[in-house]
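Since the structure comes first, as structure tokens, the remarks are kept for the end.
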Amino acid sequence: MIDKLKKNYFLLIITFLIIYFFFNLLGGNRGLISYFEKKKIYKNLKVDQKELSDKIDSLEKKNSLLTENIDLDFIEILIREKFLFGKEGETTYIIKDNGTKN
């Protein structure tokens, strides 16, 4: 039995090394499965970053309209949207979308 192991010692070590590298290739922190999960997370973070930067740009634009040089038209739009105010004798219509398509 020991003689067989001594003869096949090289083959046995190579087999264990191949199995070891195969499992480390697929699993682990730097494995193939982990790589695809991290790639998916990275893609989602890029989309979130794009949405947040667009939102920041929009807020900066709105903020610039409300700073030193006050834009009265923009303030009127805000008041109409938030408080549903209108001018005297003016009819305000609210259109709601039910989500149905004809």
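No lab work stands behind these numbers, since they all come straight from the coordinates. This is a predicted model, so every value here is computed, not measured. Glycine also receives a Cβ, built like all others from the backbone with ideal geometry; neighbour counts cover every protein chain displayed.
Over all Cα atoms in the chain, the spread is summed up by Rg and Dmax: 32.8, 106 Å. The length gained on full extension between residue 7 and residue 90, counted as 0.36 nm times the residue separation minus their Cα-Cα distance, comes to 19.9 nm. A simple charge model with +1 on the Cβ of Lys and Arg, -1 on the Cβ of Asp and Glu and nothing else charged puts the dipole of the stretch 30-85 at about 740 debye relative to its Cα centre.
P(r) tail for the stretch 1-47, what percent of Cα pairs lie past 15 Å? Result: 62 percent of Cα pairs exceed 15 Å.
Based on alpha-carbon atoms, the Kirkwood radius and the radius of gyration of the stretch 30-85 give Rg/Rh equal to 1.37.
In a reduced charge model with +1 at each Lys and Arg Cβ and -1 at each Asp and Glu Cβ, the chain shows a dipole moment near 1340 debye about its Cα centre.
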